[in-house]
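Trainee: Mind looking over this structure? Questions follow.
Nothing in this text is a laboratory measurement; each read-out follows from the coordinates by a stated rule. Quick caveat, the model's predicted, so the values are computed rather than measured. Glycine gets a Cβ as well: all are built from the backbone with ideal geometry, and neighbour counts include every protein chain shown.
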Amino acid sequence: MKIYFAGLSGSNYHIALQEADVRRCLLSYYYWLIDKRERRKINFSDIFIDSGAFSAWSQGIKINLYEYIDFVKEYLDKITVYSNLDVIGDANNTLKNQHEMQKSGLSPLPVFHINENYKCLDEYCKNYPYIALGGMVGKTRRQKDNFLHNCFTVIKKYFPIRIHGFALTDIELLKKYPFYSIDTTAWLQAVQYKNLTSKDLIRNKKKNILSEVMFNCQITLERLKLPILNMLKLEQDLTNLWKMRGINWND
């Protein structure tokens, strides 16, 4: 199973991943639009591009489909997989975007969301070797489990189709359902809710702001080392678990 490290937008966390020889990351096209410095992060060997439609939607911003198509084509030699530009709450227009991207010569990953008709999932399974399941952010474990149970009831007829789980980090669910890949920000929990200000720097008034920022960057990257290694171990453990159960993707 593949784990794509997500949550890099607007940060220097990619440095910690590269120092740990992490191959896989998920980057958001939406954040790329609002911060051109995101270009520095496109040097991983296995890059998943998410359209960022949900982030854009939550900010009241609409992503232009044809600009997204041009972006994917520009970096196609560096991207491993890229998702369709989904339209939040509108399965029909999401499917239209899928077809429009295909007409342009691309092969985007179709995305099926919670609360959509499972007939749509069945059609995706018939026509695509690799699809994504989304809309699970903020849902309870029971809601996710019910959704995944219904999804895999459909998916099992088409196995070994490959399934990606957007923002799926529940280990019990990953042991229960055979995902080919997921993306997660769980590795960032070590730094997201901690005050990283150095007491020494606060006491020493002679220290300048730049020194404090550099110190905080260093200690932040240090905090990430163990969570990154733990995530890589989880990736291998889940791969081994599903291999023992007879599911081996051989890549």
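Trainee: Using a simple spin-label model with points 7 Å from Cα along the Cα→Cβ vector, what separation in nm is obtained for residue 123 and residue 67?
Mentor: 2.9
Trainee: Once R0 is set to 22 Å, what does the formula 1/(1 + (r/R0)^6) return for the Cβ-Cβ distance between residue 222 and residue 34, expressed as a FRET efficiency to the nearest 0.05?
Mentor: Details: r = 28 Å, r/R0 = 1.29.
The formula returns an efficiency of 0.20 here.
Trainee: Would you mind checking which residues have amide H under 5 Å from residue 8's amide H? H placed 1.01 Å from N; only 5 or more apart, or other chain.
Mentor: Here nothing satisfies the definition.
Trainee: While we're on this one: With N residues in the chain, what two-decimal value do you get for its Cα radius of gyration over 2.2 N^0.38 Å? List each step's numbers first, then the result.
Mentor: Details: Rg = 19.4 Å, N = 251, 2.2 N^0.38 = 18.0 Å.
That works out to 1.08 for the chain.
Trainee: Given a Förster radius of 45 Å and the C-beta distance between residue 250 and residue 15 as r, what FRET efficiency does 1/(1 + (r/R0)^6) yield to the nearest 0.05? Don't skip to the answer; put the middle values down first.
Mentor: On the way: r = 32 Å, r/R0 = 0.71.
Using R0 = 45 Å, I get an efficiency of 0.90.
Trainee: Now for a different question. Could you sort out which of 96/119; 103/157; 41/62 sit more than 20 Å apart by Cα distance in this structure?
Mentor: On the way: 96/119 16 Å; 103/157 28 Å; 41/62 24 Å.
In this structure, 103/157; 41/62 lie more than 20 Å apart at Cα.
Trainee: Let me ask you something else. Taking the Cα-to-Cβ direction at residue 171 and at residue 90 and moving 7 Å from each Cα, how far apart do the two end points lie in nm?
Mentor: Once both label points are built, they end up 4.1 nm from each other.
Trainee: Here is a follow-up. Can you work out the FRET efficiency for the pair residue 185 and residue 240, with r the C-beta to C-beta distance and R0 = 22 Å, to the nearest 0.05? Please list the in-between numbers first.
Mentor: On the way: r = 24 Å, r/R0 = 1.08.
For R0 = 22 Å, the calculated efficiency reads 0.40.
Trainee: Can you compute the modelled spin-label distance between residue 74 and residue 233, with each label point 7 Å from Cα toward Cβ, in nm?
Mentor: 4.1
Trainee: Under 5 Å between amide H atoms, partner at least 5 residues away or on a different chain: which partners does residue 130 have, H built in plane at 1.01 Å?
Mentor: Sorted by chain and number, the residues that satisfy this are 162.
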